[in-house]
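Asks: Sharing a structure with you now.
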């Protein structure tokens, strides 16, 4: 990148950058002249919104684990499986691989998202414990991975639509699928509400890369 | 520090970390990254507009086909059952019928709407015509829909369902199954082709 002598943030230069189209405008401009998006140097409500969505998301994640995700009716009988219960069952039948995948995708990743989002929000308010670059990396991962959690809900839908073999076997979705979907949507909204520029405004004020030219790959 | 208004058009602010740069000239197939947070700022491709429209049209057709044709079928003990995307959405009934709406939104309506908006925005640009009316609003909406467009996630969900079922029953691929494989590849490819900076600057007028 072609860098000016000293790299500064838009805010330090009395500008506000558009997060959609990257055009700078003088501070106080309400709408971006290039793309028409609303401009804000930093989203003052960012953390409140993050926490609000985070809480509802967590509130939905609990019933998502308590209620059954799937109900399987076979000739032998009816079986209701929660997320963890289903994975344990698979492991007991020797299906360790699939059990691990389910546990990682439906338990480890959602819980990790809650922890990381909370950590990022706390870091902005109370001073971070880890470097900007690391927090930024964590934020990118959470932003990227968020929507993929919906795969669980889709799998439940596909299984329920497909396994309709009359008396032989039927699968119906359980109540947990709704709570799980809501939890994914709310954590996505929480991650989207986080203004990533706050990561880089450390307590000492925005600090530009020390030798930006050396970092150009 | 003061900038003349036309000077501002030549600056670029990293949307992720707020650093200001003078927008560099980036050759096709090159990428400009933010030196601090490594966000891709500019990534132009030659003929990207035409290719994006072609890919968007392809995905639209794939989504339409996958919605009505069955993509998977299972059989056990002489009974056979198959499912299309519509069947999948309506697997949720009663209390859960909100999810039927959500599934249709995430894997059919939102992806389709987003692609139609993208084609609407790009079509005049590639013919060097002035932007379509309300093109900026259309592209803004199209961009806002990106995280909620989950067709490729559903496609991968099919693979997971397949693995889960393979022990229990015989699984057959329906006519729409290969569509999903193509869908994942194309969605990833068009994501790499898309240079938002280039599109916004060509909508400037």
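Asks: From the residues in the range B:17-38 that are out of contact with any strand residue (DSSP E or B) (no Cβ under 7 Å at 6 or more places or on another chain) and at the interface with chain A (Cβ under 9 Å from one of its Cβ atoms), which one is nearest to residue A:23 (Cα to Cα)? Let's see the steps before the verdict.
Replies: Step one: of the range B:17-38, the residues out of contact with any strand residue (DSSP E or B) (no Cβ under 7 Å at 6 or more places or on another chain) are B:17, B:25, B:27-30, B:35, B:37-38.
Checking the rest, the ones that are also at the interface with chain A (Cβ under 9 Å from one of its Cβ atoms) come to B:17, B:25, B:35, B:37-38.
On the way: B:17: 14, B:25: 16, B:35: 17, B:37: 18, B:38: 18 Å.
Checked the range B:17-38; the qualifying residue nearest to residue A:23 (Cα to Cα) is B:17.
Asks: Give the residue, chosen from B:112, B:144, that is over 27 Å from residue B:72 (Cα atoms), part of a helix (DSSP H, G or I) and outside the structural domain of residue B:9 (by TED's automatic domain parsing).
Replies: Working: B:112 fails: over 27 Å from residue B:72 (Cα atoms).
Answer to the check: B:144.
Asks: Applying the selection to the range B:166-181, what residues are assigned to a loop (DSSP other than H, G, I, E, B) and either in contact (Cβ under 8 Å) with a residue 12 or more places away in the chain or surrounded by 14 or more Cβ atoms within 10 Å (Cβ to Cβ) (or both)?
Replies: Filtering the range B:166-181 for residues assigned to a loop (DSSP other than H, G, I, E, B) gives B:166-169, B:174-176.
Passing the criteria: B:168, B:169, B:174, B:175, B:176.
Asks: Looking only at the range A:100-107, decide whether some residue is touching a residue at least 60 places away in the same chain (Cβ under 8 Å) and surrounded by 14 or more Cβ atoms within 10 Å (Cβ to Cβ). Even if it seems obvious, please write down each step before you answer.
Replies: Applying the first criterion (touching a residue at least 60 places away in the same chain (Cβ under 8 Å)) to the range A:100-107 yields A:106.
Applying the additional criterion that residues be surrounded by 14 or more Cβ atoms within 10 Å (Cβ to Cβ) yields A:106.
Scanning the range A:100-107, I find at least one residue that is touching a residue at least 60 places away in the same chain (Cβ under 8 Å) and surrounded by 14 or more Cβ atoms within 10 Å (Cβ to Cβ), so the answer is yes.
Asks: Filter the range B:1-16 down to the residues that are at pLDDT below 90 and surrounded by 17 or more Cβ atoms within 10 Å (Cβ to Cβ), then identify the one that is nearest to the other protein chains (Cβ to nearest Cβ).
Replies: The extreme case among them is B:8.
Asks: Considering only residues that are farther than 16 Å from residue B:108 by Cβ and crowded, with 16+ Cβ neighbours inside 10 Å, look in the range B:55-75 and name the one that is farthest from the other protein chains (Cβ to nearest Cβ).
Replies: The selected residue is B:55.
Asks: May I ask you to list the residues in the range B:187-205 that are assigned to a loop (DSSP other than H, G, I, E, B) and in contact with a strand residue (DSSP E or B) (Cβ under 8 Å, 6 or more places away or on another chain)? Outline the logic, then answer.
Replies: As a first pass, look at the range B:187-205 and keep what is assigned to a loop (DSSP other than H, G, I, E, B): B:194-195, B:203-205.
Residue satisfying the conditions is B:195 alone.
Asks: Now, a different point. Looking at the range A:83-98 only, could you name the residues that are crowded, with 18+ Cβ neighbours inside 10 Å and modelled with pLDDT of 85 or more?
Replies: Answer for the range A:83-98, where residues must be crowded, with 18+ Cβ neighbours inside 10 Å and modelled with pLDDT of 85 or more: A:83, A:86, A:87.
Conditions tested, residue by residue: (1) in contact (Cβ under 8 Å) with a residue 60 or more places away in the chain; (2) under 17 Å from residue A:108 (Cα atoms); (3) more than 9 Å from chain B (Cβ to nearest Cβ).
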| residue | (1), (2), (3) |
| --- | --- |
| A:130 | no, no, yes |
| A:135 | yes, no, yes |
| A:141 | no, yes, yes |
| A:159 | yes, no, no |
| A:170 | yes, no, yes |
| A:180 | yes, yes, yes |
| A:187 | yes, yes, yes |
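Asks: Give me the residue from the range A:17-40 that is more than 8 Å from chain B (Cβ to nearest Cβ) and touching a residue at least 12 places away in the same chain (Cβ under 8 Å) and, out of that set, nearest to residue B:136 (Cα to Cα). Before you say what the answer is, go through the steps one by one.
Replies: The initial filter retains those residues of the range A:17-40 that are more than 8 Å from chain B (Cβ to nearest Cβ), namely A:27-33, A:38-40.
Filter again for touching a residue at least 12 places away in the same chain (Cβ under 8 Å), leaving A:27-29, A:32, A:39-40.
On the way: A:27: 22, A:28: 21, A:29: 18, A:32: 11, A:39: 15, A:40: 19 Å.
It comes out as A:32.
Asks: Quick check on residue B:184: is it in a helix (DSSP H, G or I), free of Cβ contacts under 8 Å to residues at least 40 places away in the same chain, surrounded by 14 or more Cβ atoms within 10 Å (Cβ to Cβ) and at negative phi?
Replies: Working: in a helix (DSSP H, G or I): yes; free of Cβ contacts under 8 Å to residues at least 40 places away in the same chain: yes; surrounded by 14 or more Cβ atoms within 10 Å (Cβ to Cβ): yes; at negative phi: yes.
Against the criterion (in a helix (DSSP H, G or I), free of Cβ contacts under 8 Å to residues at least 40 places away in the same chain, surrounded by 14 or more Cβ atoms within 10 Å (Cβ to Cβ) and at negative phi), residue B:184 qualifies.
Asks: Does any residue in the range B:71-86 that is assigned to a loop (DSSP other than H, G, I, E, B) come within less than 6 Å, Cβ to Cβ, of a residue that is loosely packed, with under 14 Cβ neighbours inside 10 Å six or more places away or on a different chain, and which pairs are these?
Replies: Within 6 Å, the pairs are B:84/B:68.
The values are calculated or read from the model by the stated rules, or taken from the named source; none is laboratory data. Not measured: the values here are computed from a predicted model. No Cβ is skipped: glycine too gets one built from the backbone with ideal geometry, and neighbour counts run over all protein chains shown.
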